[in-house]
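Single-structure report; data block below.
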Amino acid sequence: MKNVLITGGTGLVGSELVKNLVSKGYHITVLTRNEKQHFSTSDVTYSKWDFRKDIIDQTVLEKADAIIHLAGAGVMDKRWTKAYQKEIVDSRTESIKYLLQKLKECNHQVKTLVSASAIGWYGADLKEHYAFTEEDSYDNHFLGTTCKLWEESAELAENMGIRVCKLRLGIVLSEKGGALPELMKPVKMGITAILGSGKQMVSWIHIEDLCRMFIYTLENEKLSGSFNAVTPQPTSHKNLMFSIAHILKRSFWIPVFVPSIILKCILGKRSIELLKSTTVSSKKISAEGFTFLYPEVGQALKKILRP
């Protein structure tokens, strides 16, 4: 499977994954609405697509051996109005449905689809000392139902004889984007902001381990279904913030607790994601032979912040 087609390949995870795949000898085609903003090389081709306008180059579909589906509007980018909630769902579900329909219309050779999903599937922790597994049902709130629709859309590929793996991503730690740079901002000024009680559990993964997991599921033909893309060692939000502070500021920093009510006023419904506790198990992917380079948060942060 040397020709991989990627949606969402210019985002935080996608751009890092492209580099990892190229280093392993893959040729990558990135589907993007703004192909002119990127430079194609012998290893990476940027091809225009827009599922809302029925724009795609059929030839890139015919060349692909596998698809990695990462496309989706940022969950925390805007307030959750009804219109933006629809954008969050449609950008994930309608995009892959469109791609699969276009595959049906051409002579394709795609054997594998690896799709992103998220641990928003599970909602908040139900009881102490319990970690959600892939067998747990989805949460019936907005993010849970979004993940359900997201995964069901990817599963349509199974009817076409395509192997499907779905990775439920936790909080991705990277210095280049996502949650970590935002958490670091006050710490750099000597203030460690603890959101809510700080006791909420954070199920996270180092971006390097996440890219390795995408490639692992891509290359292992016996794997299918859903896998939690999280470290074996979740941590509390408070411990995460203290770990960042120790690395960036050593001994000088001031912890400040930010009340939940303030976050709710500023972020609206999005504050749910920052305040809820979600403990998720990685045992299923580990049982399939995947090993983590950065299972512990302090180790992961040192790698990111002191490369």
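Just so it is clear, none of the values below were taken in a lab; they were calculated from the coordinates. Just so it is clear, the model here is predicted, and its values are computed rather than measured. Neighbour counts run over all protein chains shown; Cβ positions are idealised from the backbone, glycine included.
For the stretch 1-138, averaging the sequence separation of C-alpha pairs within contact (under 8 Å, six or more residues apart) and dividing by the residue count gives a relative contact order of 23 percent. Only one residue of 126, 143, 186 has its Cα farthest out toward the positive end of the dipole of the stretch 114-188, where Lys and Arg carry +1 and Asp and Glu -1 on Cβ, and that residue is 186.
Given a cut-off of under 8 Å on Cα pairs at least six residues apart, what relative contact order in percent is computed for the chain?
About 17 percent, as a whole number.
Taking Cα atoms only, the orientation of helix 142-155 departs from the longest principal axis of the chain by about 30 degrees.
Counting every Cα pair in the chain, what percent are over 33 Å apart?
Beyond 33 Å sits 24 percent of the P(r) for the chain.
Of the Cα atoms belonging to the stretch 160-307, the radius of gyration and Dmax stand at 16.7, 58 Å. Seen from residue 104, the other residues with C-beta closer than 14 Å to its C-beta sum to a net charge of -1, counting Lys and Arg as +1 and Asp and Glu as -1. Each label point was placed 7 Å from the Cα along the Cα-to-Cβ direction; for residue 54 and residue 20 their separation is 3.7 nm. Here the label points at residue 107 and residue 77, each 7 Å from Cα along the C-beta direction, are separated by 3.8 nm in the simple model. Mean sequence separation of contacting Cα pairs (under 8 Å, at least six apart), scaled by the length of the stretch 71-165, corresponds to a relative contact order of 33 percent. Looking at this model, which pairs from 176/222; 78/111; 63/97; 127/284; 222/284 are more than 25 angstrom apart at the alpha-carbon? In this structure, 176/222; 78/111 exceed 25 Å between Cα atoms.
Give the separation of the Cα centroids, the stretch 29-101 to the stretch 275-307, in Å. About 28 Å separates the Cα centre of the stretch 29-101 from the one of the stretch 275-307. Between residue 273 and residue 258, full extension at 0.36 nm per residue minus the direct alpha carbon distance yields a gain of 3.9 nm.
Mind checking the dipole of the chain: about its Cα centre, +1 per Lys or Arg Cβ, -1 per Asp or Glu Cβ, Debye to the nearest 20?
Numbers: 41 positive and 32 negative charges, 208 e Å.
Here the chain has a charge dipole of around 1000 debye.
Taking other residues whose beta carbon is less than 12 angstrom from the beta carbon of residue 240, and scoring Lys, Arg as +1 and Asp, Glu as -1, yields +1.
For residue 266 and residue 140, FRET efficiency with R0 = 25 Å and r from the beta-carbon atoms, rounded to 0.05?
In this case the efficiency is close to 0.45.
Rounded to the nearest 20 debye, the dipole size of the stretch 55-113 about its Cα centre is 260 debye, using +1 on the Cβ of Lys and Arg and -1 on the Cβ of Asp and Glu. Packing order of peptides 229-238, 187-196, highest average first: 229-238, 187-196 (average count of other Cβ atoms within 10 Å over each peptide's residues).
With only alpha-carbon pairs counted, each pair once and no self-pairs, how large is the Kirkwood hydrodynamic radius of the stretch 120-238 in angstroms?
16.2 Å
Here the simple spin-label model places points 7 Å from the Cα toward Cβ, and for residue 296 and residue 128 these points are separated by 2.5 nm.
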